[in-house]
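Accompanying notes for the structure given below.
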Amino acid sequence: DIRFVLISSAGVKRTGQLPFSILNLFKVLTYRRMSEKYVMASGLPWTILRPSRLTDAPYTSTDLNTLIRGKRGNRLAVRMSSDDDLYGEASRIDVAEAIVQCLHLPITVHGCYALESIQGDNSPEQDTTKWLNLFSSCDAA
C-alpha cells in the first residue's frame, strides 16, 4: 500500500506562542502547516508526524541544540499526542522509528501525531506493539 508520511514540526498550530513565534519569523512553521493541509486534501493515505526539537546527529542547523550537540541521554521513552501540544525534544532515532512503525500500523492512516522523547528507559525501539500502544493512546485523547 502507498502511504505519504509527512514530517512536519511542533508548533505549526501555535505560531503566535513563544518559542514558536520566534521560530516562525521566516514563516517556516506557517509553510509546514500549509503542507500538512495540502497532504490532507490530496486524497492519498497519509500520516503526519510533528516532532519536537530534534536531537542526536546529524547536526544540520545552527540552533542551540546543534551548538551543544544535544543527545537523547536518558530520554529513551516516547510521548505522543494527537494535538500540537508538546514542547520537548525528539530524538532523530525515535522519529525515524516512528516513520517505519506508522507504515505498519493501519490505525495511523489520516492521523497527526506530535512526538517527543522523554526521560525513562522504556524505549519502544523496534517493538511494533509498543508503537501501536503509543499511536492508539493518541486516538483516545
Heavy-atom accessible area of region 82-141 with neighbours in place, 1.4 angstrom probe: carbon+sulfur share in percent works out to 53
The simple spin-label model distance between F26 and A96, using points 7 Å out along Cα→Cβ, in nm, is 2.5
Low-density loop cleavage sites - trypsin sites (Lys or Arg not before Pro) in region 6-47, where at most 15 other Cβ are within 10 Å (DSSP) | K27
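The values are calculated or read from the model by the stated rules, or taken from the named source; none is laboratory data. Keep in mind the model is a prediction, meaning the values are calculated, not measured. Every residue, glycine among them, receives a Cβ derived from its backbone with ideal geometry; neighbour counts consider all protein chains shown. Surface areas here come from the heavy atoms of the whole protein model, side chains and all, with no ligands, DNA or RNA. Shrake-Rupley method; radii C 1.70, N 1.55, O 1.52, S 1.80 Å.
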